[in-house]
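Below is one structure; the comments refer to it alone.
What follows is calculated from the coordinates using simple rules that are stated; it is not laboratory data. Computed from a predicted structure; not experimentally measured. Cβ coordinates were reconstructed from backbone atoms using ideal geometry, including for glycine residues, and neighbour counts include every protein chain displayed.
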């Protein structure tokens with residue numbers, strides 16, 4: 001799995017951090033920061049959840 005984020009599209013809702021705080025954080029403006037672009041097997045469900053919850057669809061996952 002490979003995660004990418006489109007930071008200009010991010011609206012700062014923070015759903016990604018709540019779903020997978022080990023993979024995502026937010027900067028001082030609330031914009032998504034990707035902490036890990038290749039999550040291990042235990043983190044992949046959280047990554048998928050974060051992508052599905054993102055209101056701006058700023059998180060993309062390639063399997």
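Which number in (1) surrounded by fewer than 17 Cβ atoms within 10 Å (Cβ to Cβ); (2) touching a helix residue (DSSP H, G or I) at 6+ places or on another chain (Cβ under 7 Å) marks the one condition that residue 16 misses?
Unmet for residue 16, out of (1) surrounded by fewer than 17 Cβ atoms within 10 Å (Cβ to Cβ); (2) touching a helix residue (DSSP H, G or I) at 6+ places or on another chain (Cβ under 7 Å): (1).
Residues that are touching a residue at least 40 places away in the same chain (Cβ under 8 Å): find the strands (runs of 3 or more DSSP E) completely inside the chain holding 3 or more of those. Show your work before the answer.
Values: elements: 2-5, 24-26, 32-34, 59-62.
In the chain, the matching strands (runs of 3 or more DSSP E) lie at 2-5, 59-62.
Which one is nearest to residue 1 (Cα to Cα) among residues in region 19-30 that are surrounded by 15 or more Cβ atoms within 10 Å (Cβ to Cβ) and in contact with a strand residue (DSSP E or B) (Cβ under 9 Å, 6 or more places away or on another chain)?
Among them, the one singled out is 23.
Could you please find all residues in region 35-55 being loosely packed, with under 15 Cβ neighbours inside 10 Å and either more than 10 Å from the chain's Cα centre (by Cα) or more than 11 Å from residue 1 (Cβ to Cβ) (or both)? Break it down stepwise before answering.
The first filter runs over region 35-55 and keeps only residues loosely packed, with under 15 Cβ neighbours inside 10 Å, leaving 35-38, 40-42, 45, 52, 55.
Matches in region 35-55: 35, 38, 40, 41, 42, 45, 52, 55.
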